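> Before anything else, here's the structure in question.
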Number of protein chains: 2
Amino acid sequence: MPQTDYDIVIIGAGPAGLTAGIYAARARMNVLLLEKAAPGGQIIITDWVENYPGFPEGISGYDLGEKMLIQAKNLGLEISTEEVTAMELSPGVKTLHLGEKTLTTKSLIIASGASPKKLNVGEEKFMGKGVSFCATCDAPFFRDKTVVAVGGGDTAVQEAIFLTKFVNKVYLIHRRDELRATKILQERAFSNDKIEFVWDSVVTGMDGFFGVENVHVKNVKTDETKTIKADGCFVWIGTVPNTDFLTNSLELDEWGFIKADKHMETSVPGVFAVGDVRDTPLRQIATAVGDAAIAAVSAEHFIENLA
Amino acid sequence: MPQTDYDIVIIGAGPAGLTAGIYAARARMNVLLLEKAAPGGQIIITDWVENYPGFPEGISGYDLGEKMLIQAKNLGLEISTEEVTAMELSPGVKTLHLGEKTLTTKSLIIASGASPKKLNVGEEKFMGKGVSFCATCDAPFFRDKTVVAVGGGDTAVQEAIFLTKFVNKVYLIHRRDELRATKILQERAFSNDKIEFVWDSVVTGMDGFFGVENVHVKNVKTDETKTIKADGCFVWIGTVPNTDFLTNSLELDEWGFIKADKHMETSVPGVFAVGDVRDTPLRQIATAVGDAAIAAVSAEHFIENLA
């Protein structure tokens, strides 16, 4: 068996990474979890979670992330705040570069998650000046203001509803003529009189002096353009996988998510992908924890079978 | 679209079935959950759960099952205590027989779980008279007694450790010379001086007047037999899928578990299998809830796409 610093290294401390850590630590593996920022992943910016089983009244994303973190630590998981910048993956030893530092491991569980997709219409210069990807984080800054929100899926509709606790008015811009969001969220949005729907439309740009003042919108069916006076623009149009540290070594799907089999193993033996970064049919906390339990046990078996 | 009593029927109220119910009810589907006995599934006979993410100190299986049940009811899930006795499955309408009664549904999520495997050495006549498949249920009846336990996996070792809170002595019979259980459980069992390991051995029978008095054991390597004086015999040698109501209509794996793809869809369109009854690489609460979230969303999509 090769000599390595760790048996299992986990990248990412969202629900997937923490669950892999809970399982691996409980199995008394020599395991390290690396997280470049704060533990919790995307759920810590999720206002309220009511579909993770076990919490009858729902729970805030922040509290759920913290509970998982404490649970992992209680079971002895070693967590380090470091960023993986590059890696070399082989069926035997996996080498991870953390800036100047290097470490080796027999198996690797990638749980690095996904990030919000950008509009790419010049919104970068308004980041923190009206443009946001997180209502939970930024809604209080827009109290009694008018904002635009973009998207039609669960996240967009859920966050738009949350926004209405603070703002006077939300224009919800969606490029189609119906929402993709689950019905209960649609019903809540349709019955919320602070939300006005702008169908078949996309955001083409924005302007303003100190921050966002106008958001420009085009109807994709009629090509008609209009300008909405708004103090903010919230963007929820999808996610892209967090895989900057990957160097073409793993098989990806057409959107860049990491392909994995039913044991969560990627195209490189001993490398596993779980949660939002995987080519999964559904990105939920429930599916992330399921993926991760499987990957941790698969990693254990992989290591036991190493020559 | 066909006219049916329900959009989705779920069979089984363990973590998988309740999670499917949480998702389907939250999506405002016309959904019914059928459970033949008490809700909770196998977890309600699980003493303590410390690897389901979100509960830092662990939680009793009973409490976790109850929380999931209340959550599903809070979201409006209809639950009925009825047993499915047979079914006819077609890509369109699925017909379920509940004794005399019949109901129809567009999609079906099978979450009927799995049951403990029997020894088949005549233990049936000692059921409730010394033979048990559940330490949590029956251990208190064996206070200060001597018992035999059979198995070498997680469940066997975990339950044997739990038994030692009550009994004076546990002989743990395992047909191999090492345990399959996760290392932390092995360590706990090896350091527990109430547990004596009987390696490479199987139970060949048992006898007694009012209940179990002697358990007969054979060493599979030496063929040597011996009799252990014991007041009970706990059996944890694996699980078999609960699929009595199936009439050869779904593709199964070699052990009888229902085959499903990554969307949890079985060989019949609109029929999904989740949790312990599925041909999954791992049977855990975490994986059951992940399966179920996927199946519920897949069922929604299936129904939306029905002609």
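The values are calculated or read from the model by the stated rules, or taken from the named source; none is laboratory data. If you're wondering where the values come from, they're calculated on a predicted model, not measured in any experiment. We place every Cβ from the backbone using ideal geometry, glycine too, and count neighbours over all the protein chains shown. Note: areas computed on protein heavy atoms with side chains; ligands, DNA, RNA excluded. Shrake-Rupley method; radii C 1.70, N 1.55, O 1.52, S 1.80 Å.
> I'd like to verify a number: residues in segment B:58-73 that are more than 18 Å from the chain's Cα centre (by Cα) and of a type in the set (Gly, Ala, Ser), how many?
2
> Looking only at segment A:46-64, which residues are surrounded by 19 or more Cβ atoms within 10 Å (Cβ to Cβ) and among the hydroxyl-bearing types (Ser, Thr, Tyr)?
Matches in segment A:46-64: A:46, A:52.
> Let me ask something else about it. Inspect segment B:283-304 for any residue being part of a loop (DSSP other than H, G, I, E, B) and closer than 25 Å to residue A:54 by Cα and give the result as yes or no. Can you show your working first?
Going through segment B:283-304, the residues part of a loop (DSSP other than H, G, I, E, B) turn out to be B:283-284.
From what's left, closer than 25 Å to residue A:54 by Cα: B:283-284.
Checked segment B:283-304: at least one residue is part of a loop (DSSP other than H, G, I, E, B) and closer than 25 Å to residue A:54 by Cα.
> Restricted to segment A:52-71, and to residues that are free of Cβ contacts under 8 Å to residues at least 12 places away in the same chain and more than 7 Å from chain B (Cβ to nearest Cβ), which residue is nearest to residue A:137 (Cα to Cα)?
My answer is A:63.
> Which condition breaks for residue A:121 when tested against (1) within 30 Å of residue A:4 (Cβ to Cβ); (2) more than 21 Å from the chain's Cα centre (by Cα); (3) open to solvent by 10 Å² or more (accessible area, probe 1.4 Å)?
For residue A:121, the exception is condition (1).
> Based on what the data block shows, is residue B:3 assigned to a helix (DSSP H, G or I), among the polar types (S, T, N, Q) and away from every other protein chain (no Cβ under 13 Å)? Reasoning before the result, please.
Working: assigned to a helix (DSSP H, G or I): no; among the polar types (S, T, N, Q): yes; away from every other protein chain (no Cβ under 13 Å): yes.
The answer is no for residue B:3.
> Could you tell me whether residue B:148 is touching a Gly at 6+ places or on another chain (Cβ under 9 Å), open to solvent by less than 20 Å² (accessible area, probe 1.4 Å) and modelled with pLDDT of 95 or more?
The answer is yes for residue B:148.
> Further, regarding this structure: List, please: which pairs have Cβ atoms under 7 Å, are six or more places apart or on different chains, and start with a residue in segment A:115-137 that is outside the structural domain of residue A:60 (by TED's automatic domain parsing) and end with one that is surrounded by fewer than 12 Cβ atoms within 10 Å (Cβ to Cβ)?
Pairs that qualify, where the first residue is outside the structural domain of residue A:60 (by TED's automatic domain parsing) and the partner is surrounded by fewer than 12 Cβ atoms within 10 Å (Cβ to Cβ), are A:129/A:210.
> Within segment A:262-274, does at least one residue satisfy the condition of being assigned to a loop (DSSP other than H, G, I, E, B), out of contact with any strand residue (DSSP E or B) (no Cβ under 6 Å at 6 or more places or on another chain), in the same structural domain as residue A:20 (by TED's automatic domain parsing) and over 21 Å from residue B:286 (Cα atoms)?
Scanning segment A:262-274, I find at least one residue that is assigned to a loop (DSSP other than H, G, I, E, B), out of contact with any strand residue (DSSP E or B) (no Cβ under 6 Å at 6 or more places or on another chain), in the same structural domain as residue A:20 (by TED's automatic domain parsing) and over 21 Å from residue B:286 (Cα atoms), so the answer is yes.
> Among the residues of segment A:208-229, is there at least one that is farther than 30 Å from residue A:173 by Cα and buried (at least 18 other Cβ atoms within 10 Å of the Cβ)? Step through it out loud before you land on a result.
Step one: of segment A:208-229, the residues farther than 30 Å from residue A:173 by Cα are none.
Within segment A:208-229, none of the residues are farther than 30 Å from residue A:173 by Cα and buried (at least 18 other Cβ atoms within 10 Å of the Cβ).
> The conditions are (1) surrounded by 20 or more Cβ atoms within 10 Å (Cβ to Cβ); (2) among the charged types (D, E, K, R); (3) away from chain B (no Cβ under 14 Å), and residue A:276 fails exactly one of them. Which is it?
All conditions pass for residue A:276, except number (3).
Yes/no per residue for (1) away from every other protein chain (no Cβ under 13 Å); (2) of a type in the set (Gly, Ala, Ser):
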{"position": "B:11", "(1), (2)": "yes, no"}
{"position": "B:14", "(1), (2)": "no, yes"}
{"position": "B:26", "(1), (2)": "no, no"}
{"position": "B:41", "(1), (2)": "no, yes"}
{"position": "B:73", "(1), (2)": "no, no"}
{"position": "B:78", "(1), (2)": "yes, no"}
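> Only one of these conditions is not met by residue A:193: (1) within 12 Å of chain B (Cβ to nearest Cβ); (2) open to solvent by 60 Å² or more (accessible area, probe 1.4 Å). Which number is it?
Of (1) within 12 Å of chain B (Cβ to nearest Cβ); (2) open to solvent by 60 Å² or more (accessible area, probe 1.4 Å), only one is false for residue A:193: (1).
> Looking at segment B:258-271, is at least one residue within 14 Å of chain A (Cβ to nearest Cβ), among the small types (Gly, Ala, Ser), in contact with a Leu (Cβ under 8 Å, 6 or more places away or on another chain) and open to solvent by less than 40 Å² (accessible area, probe 1.4 Å)?
Looking for residues that are within 14 Å of chain A (Cβ to nearest Cβ), among the small types (Gly, Ala, Ser), in contact with a Leu (Cβ under 8 Å, 6 or more places away or on another chain) and open to solvent by less than 40 Å² (accessible area, probe 1.4 Å), one finds none in segment B:258-271, hence no.
> Looking only at segment B:17-30, which residues are under 14 Å from residue B:108 (Cβ atoms) and open to solvent by less than 10 Å² (accessible area, probe 1.4 Å)?
Residues satisfying the conditions are B:17, B:20, B:21, B:24.
> Now, a different point. (1) buried (at least 22 other Cβ atoms within 10 Å of the Cβ); (2) over 29 Å from residue A:158 (Cβ atoms); (3) within 17 Å of the chain's Cα centre (by Cα): which one isn't true of residue A:245, the others all being true?
For residue A:245, the failing item is (1).
> Among residues belonging to segment A:156-190 that are open to solvent by 80 Å² or more (accessible area, probe 1.4 Å) and more than 14 Å from chain B (Cβ to nearest Cβ), point out the one that is farthest from residue A:132 (Cα to Cα). Spell out how you get there, then give the answer.
First pass over segment A:156-190, keeping only residues open to solvent by 80 Å² or more (accessible area, probe 1.4 Å): A:165, A:168, A:175-178, A:180, A:183, A:187-188, A:190.
Within this subset, residues satisfying the condition of being more than 14 Å from chain B (Cβ to nearest Cβ) are A:165, A:168, A:175-177.
Numbers: A:165: 16, A:168: 17, A:175: 19, A:176: 22, A:177: 24 Å.
Among those that are open to solvent by 80 Å² or more (accessible area, probe 1.4 Å) and more than 14 Å from chain B (Cβ to nearest Cβ), it is A:177.
> Restricting the search to segment A:280-302, which residues are open to solvent by 10 Å² or more (accessible area, probe 1.4 Å) and either over 21 Å from residue B:298 (Cβ atoms) or more than 9 Å from chain B (Cβ to nearest Cβ) (or both)?
A:283, A:297, A:298, A:300, A:301, A:302
> Also, quick follow-up: Can you name every one of the helices (runs of 4 or more DSSP H) wholly within segment B:115-193 that holds 1 or more residues which are closer than 13 Å to residue B:203 by Cβ?
B:154-163
> Follow-up. Among the residues of segment B:236-246, is there at least one that is in a loop (DSSP other than H, G, I, E, B), modelled with pLDDT under 95 and among the small types (Gly, Ala, Ser)?
Within segment B:236-246 (the criterion being in a loop (DSSP other than H, G, I, E, B), modelled with pLDDT under 95 and among the small types (Gly, Ala, Ser)), the answer is yes, since at least one residue qualifies.
> I need every pair where a residue in segment A:206-217 that is modelled with pLDDT under 95 has its Cβ under 6 Å from the Cβ of a residue that is not basic (Lys, Arg), sequence separation at least 6 or different chains.
A:211/A:130
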